[in-house]
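The structure appears right after this line, and notes come after that.
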Amino acid sequence: MNFIDRARQWLRGSPAKGEQIRRFQAARVDRLAADWLTTTNSINEELRQDLDRLRARGRDLVKNNDYAVKFVGMVHDNIIGASGVRLQMRVEGRPGVSDRMANQAIESAWREFGTVCDVAGQQSLLEMCKTLVGGMPSDGEFLVRLVRGADARNRFNFALQVIDVDRIDTTFCGRVGQNAVINGVEVDATRRPVAVHIFQAHPNDGARSSRLRQRIPVGDLIHGFRVQRAEQLRGIPWMAPGMLSLHHLGTFKLSALLAAEFGANHYGFFTTPDGQAPIGGMDANGQAVVTSQPGTFDTLPQGVAFQQYDSKYPEQNFGPFVKTTLQRIASGWRVAYHSLANDLEGVSFSSIRSGTLEERDRWMSDQEWFISTFLEPVFKVWLQMSLLSGAITMPNGSPLPASKAAKFSRHEWQARRWDWVDPKADTEANILKVRAGLMSPQDLSAAMGYDFEDTLAAIKQAQDLAAKYGVRLTAYDPLPGAGEPVIESPMRALAQQGNGKRPGSLSGLSLLAWR
């Protein structure tokens, strides 16, 4: 059967004799896919071979590549923010009644702990959080040891020790009793981590280097990473999908820069029939010295010709090529291109809004992961040790009783939030949501990064202060005709809208009418 007959059979969908139809074109094995090399190894086997090299290359990019530095800064700013993740206590004295004194006492003690949390005395809790998430692009994981008792060196008897993940022995695989050790992580029969095996000191730290391992139970540390595949025991660097492209882009831009610099410094060449140096004399190293001055016309000797050097850089396709490569890298890192590249040229309001909102979903997901992976277990142990140590006291000096630890454990976390892309339109839309009963004021305050109760307390304080000095705050004047709200049924409002009866609302659907 010749090539044309085989092509006709393929177009009709009928296989040739002895051939099978592949259900997935991506699984075809032919010359077009011959360079598509894959592996069926487990994720832990792939990480055993590649993780240390990935981490080293990622750290090199963070040290030397401007776009990698930008991405780390984006991780800092969007996951942690300038003020960090705030603790909001929700202790109740009676059902439905907030215990403000207990809440303030615990929150005040937590802020104090944030200044003395590092057992090494180098970082605050805010700085430590930024260090941990800042290492995720290059490392993909972090390791923090929980130090209890007198070694904590503070009145809470609890502190944290950040450990370089280089100290986890990635090559250590074997068995410890009935447990298996995979890439330095010891797991039981259900693949649940029970311990991490680390070097006593960094393996490449000069005189302090050590390759002697020690076993640390998981109850004494936090090994944080995002799980991307089943049975994964080590973290994957967040920059891994774009590392190779970013490295080659960096070398390409350097080569283009050097080519442009060379072209700017060299106008051309003198040529002679015998190939000897033409004019201008020789310097101490025997190199021809030729100078040119502006506003002059030189006359070349007989037999000497000038050949102009025309550099191709910078050339017109350089910018689009760099932009396309950065767009690909930004897609792999799940961030907006204009944020990563600081390129706002040619973007419209709708496009930048769409990209920004999509990127914020990613950051909020990362915030929830970091809170559940690091802040929650730290707060749980801190509260236990602080109550047992009598370190959380009320205004009268009495410590909170450790017997009521369950009562004092109710809390929420408030991560950073962002200003709206279109503040006026978004603010009006959210006000309509609250008035329509589609969103509570508490949810709106949380979406803006505020605590609703704290906001009300601040407003009351402002009103009292204004009344003291005889100042009228017009922002809090009651609206004309304002009274008790009457909640309409959403289905009734929709039915009225369907019957041509327009509910009284700016949005056309009034679920909350003020009389």
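The values are calculated or read from the model by the stated rules, or taken from the named source; none is laboratory data. Computed from a predicted model, the values in this text were never measured in an experiment. Cβ placement follows ideal geometry from the backbone for every residue including glycine, while neighbour counts extend to all protein chains displayed. SASA here: full protein model, heavy atoms, side chains in, ligands and nucleic acids out. Shrake-Rupley method; radii C 1.70, N 1.55, O 1.52, S 1.80 Å.
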**OP:** Pull up the range 74-97, narrow it to residues that are within 21 Å of Ala447 (Cβ to Cβ) and touching a strand residue (DSSP E or B) at 6+ places or on another chain (Cβ under 8 Å), then point me to the one that is surrounded by the fewest Cβ atoms within 10 Å (Cβ to Cβ).
**Re:** Arg90
**OP:** Looking for whichever is within 26 Å of Ala159 (Cα to Cα) and more than 23 Å from the chain's Cα centre (by Cα) here; the options are Val97, Val75, Val85, Val119. Which one fits?
**Re:** Val119
Subject >> Where Arg111 falls short, out of the listed (1) within 27 Å of the chain's Cα centre (by Cα); (2) modelled with pLDDT of 95 or more; (3) of a type outside the set (S, T, N, Q); (4) open to solvent by less than 30 Å² (accessible area, probe 1.4 Å) >> reply: (4)
**OP:** Could you please find all residues in the range 154-172 being loosely packed, with under 15 Cβ neighbours inside 10 Å and either in contact with a Phe, Trp or Tyr (Cβ under 6 Å, 6 or more places away or on another chain) or of a type in the set (Lys, Arg) (or both)?
**Re:** Arg155
Subject >> Residue check for Glu141: in contact (Cβ under 8 Å) with a residue 12 or more places away in the chain, among the charged types (D, E, K, R) and within 30 Å of Trp238 (Cα to Cα) >> reply: yes
Original post:
in contact (Cβ under 8 Å) with a residue 24 or more places away in the chain, open to solvent by less than 50 Å² (accessible area, probe 1.4 Å) and part of a loop (DSSP other than H, G, I, E, B) - does that describe any residue in the range 369-378?
Top reply: no
Original post:
Among the candidates Val144, Val119, which residue alone is in contact with a Phe, Trp or Tyr (Cβ under 8 Å, 6 or more places away or on another chain) and among the β-branched types (Val, Ile, Thr)?
Top reply: Val144
Original post:
Before we move on, is Gly114 assigned to a helix (DSSP H, G or I) and of a type in the set (Gly, Ala, Ser)?
Top reply: yes
Subject >> Any hit, the range 409-416, residues being among the charged types (D, E, K, R) and open to solvent by less than 70 Å² (accessible area, probe 1.4 Å) >> reply: yes
Original post:
Which one of the conditions (1) closer than 30 Å to Asp52 by Cβ; (2) touching a helix residue (DSSP H, G or I) at 6+ places or on another chain (Cβ under 9 Å); (3) surrounded by fewer than 23 Cβ atoms within 10 Å (Cβ to Cβ); (4) not aliphatic (A, V, I, L, M) does Ser138 fail to meet, given that it meets all the rest?
Top reply: (3)
Subject >> Filtered residue count, the range 307-341, keeping only those that are surrounded by 15 or more Cβ atoms within 10 Å (Cβ to Cβ) and out of contact with any helix residue (DSSP H, G or I) (no Cβ under 8 Å at 6 or more places or on another chain) >> reply: 0
**OP:** Restrict the check to the range 424-435 and report whether at least one residue is in a loop (DSSP other than H, G, I, E, B) and either surrounded by 14 or more Cβ atoms within 10 Å (Cβ to Cβ) or out of contact with any Cys (no Cβ under 6 Å at 6 or more places or on another chain) (or both).
**Re:** no
**OP:** Could you grab me the full set of residues in the range 328-362 that are assigned to a helix (DSSP H, G or I) and either closer than 19 Å to Gly58 by Cα or in contact with a Pro (Cβ under 9 Å, 6 or more places away or on another chain) (or both)?
**Re:** Arg328, Ile329, Ala330, Ser331, Gly332, Trp333, Leu340, Ala341
Original post:
Quick one: Ile198 ticks every box in (1) part of a loop (DSSP other than H, G, I, E, B); (2) open to solvent by less than 20 Å² (accessible area, probe 1.4 Å); (3) more than 19 Å from Val378 (Cβ to Cβ); (4) not acidic (Asp, Glu) bar one, so which box is it?
Top reply: (1)
